[in-house]
Each structure stands twice: as C-alpha cells, then as structure tokens.
Amino acid sequence: MRFGALCFSTDRSVRPDELARDVEEAGFATLLFPDHTHVPVHLESAWPGGGELPESYARIFDPFVAMSWALAATTDLIVGTGVALAAQRDPIVTAKQVASIDLLSGGRTVIGIGAG
C-alpha cells in the first residue's frame with residue numbers, strides 16, 4: 001500500500017514546491033491539491049463545516065499551477081488534483097493544461113474530477 005497527502009495550498013501555507021520535496025522525502029507516493037475556482041462572497045446557506053466559509057478558500061492556489069511547481073521540484077512524486085471541479089472549468093482549456101503538465105512531468109500526473 002502506498003500513501004499520499006493532500007494540501008489546501010494558499011499564499012499563507014507552505015509553497016507547493018517545498019511541500020512536494022518534503023512529501024517525496026518522507027516516502028509518500030502522491031500529493032494532491034484541491035480546486036475551488038468560484039468562491040462566493042456571501043453564503044445563502046451555512047457552510048457544511050459550520051460557521052462562515054474559511055478565508056483559505058479565497059486564497060487557494062490554482063491546482064494546476066501548484067501541481068506544476070510540485071512536479072518541477074520532485075523526481076518521482078505523483079501529483080494531482082483531489083478533486084478538480086470540472087463543472088467550473090472550460091473542458092478544452094483544462095484538458096490542454098492536464099495533458100501539458102502530464103507530458104512535461106513524464107506521466108506523473110493524476111486528476112481527480114468531481115462536481116463540487
């Protein structure tokens with residue numbers, strides 16, 4: 001069994017490249033980044049976690065940018081999304097981004113896809 005890690009990476013957390021090096025050195029197989037492209041300014045209903053939506057949602061890095069930094073900083077780590085919100089992304093642009101990242105990383109990319 002191989003284990004992975006997931007990081008809600010923002011401008012206030014560890015950088016994706018530094019995290020990826022640490023995750024790879026610790027022996028993990030995978031590092032995943034979540035996706036939140038559309039963050040509401042005001043919630044009409046309660047956030048499922050209770051209370052207000054955490055500030056980190058508005059500060060989250062684009063997962064494909066974070067993935068690129070992580071992959072460039074490592075040699076064996078598999079990096080991906082957990083999960084990419086497909087309904088909020090242009091399908092052609094997303095497919096090209098994923099294919100480019102996967103090719104440039106030597107096939108070390110995985111993409112989890114969901115609806116949000």
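The values are calculated or read from the model by the stated rules, or taken from the named source; none is laboratory data. All values reported here derive from a predicted model rather than from experimental measurement. No Cβ is skipped: glycine too gets one built from the backbone with ideal geometry, and neighbour counts run over all protein chains shown. With ligands, DNA and RNA removed, areas are computed over all heavy atoms of the protein, side chains included. Shrake-Rupley method; radii C 1.70, N 1.55, O 1.52, S 1.80 Å.
In table form, for the structure just shown:
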{"item": "Pair VAL14, ALA87: separation of 7 Å Cα→Cβ label points (nm)", "result": "3.3"}
{"item": "Probe 1.4 Å, protein heavy atoms only - accessible area per residue of the chain in square angstrom", "result": "61"}
{"item": "Within the accessible area of the chain (1.4 Å probe), percent carbon and sulfur", "result": "59"}
{"item": "Extension gain from LEU6 to LEU43, taking 0.36 nm per residue of separation minus the Cα-Cα distance", "result": "10.8 nm"}
{"item": "Value of Rg to Rh for region 13-116 (Rh from inverse mean 1/r over Cα pairs, i.e. Kirkwood)", "result": "1.01"}
{"item": "Rounded Å value of the spacing that divides the Cα centres of region 23-42 and region 76-106", "result": "13"}
{"item": "Restricting region 1-81 to trypsin sites (Lys or Arg not before Pro) in coil, as DSSP defines it, with at most 12 other Cβ within 10 Å", "result": "ARG2, ARG12"}
{"item": "Exposed-loop-free span, longest in the chain, where GluC sites (Glu not before Pro) count as exposed if DSSP calls them loop and at most 12 other C-beta atoms lie within 10 Å", "result": "56-116"}
{"item": "Point-charge dipole on Cβ atoms (K/R +1, D/E -1) for the chain, about Cα centre, debye to 20", "result": "200"}
{"item": "Local electrostatic count at LEU77 - Lys and Arg +1, Asp and Glu -1, tallied over other residues with Cβ under 9 Å", "result": "0"}
{"item": "Relative contact order [Cα under 8 Å, 6+ residues apart], the chain, whole percent", "result": "30"}
{"item": "Net length gained if the chain between GLU25 and LEU103 were fully extended (0.36 nm per residue, minus Cα distance)", "result": "25.8 nm"}
{"item": "Long-range Cα-Cα pairs in region 37-87 (distance over 17 Å), rounded percent", "result": "51"}
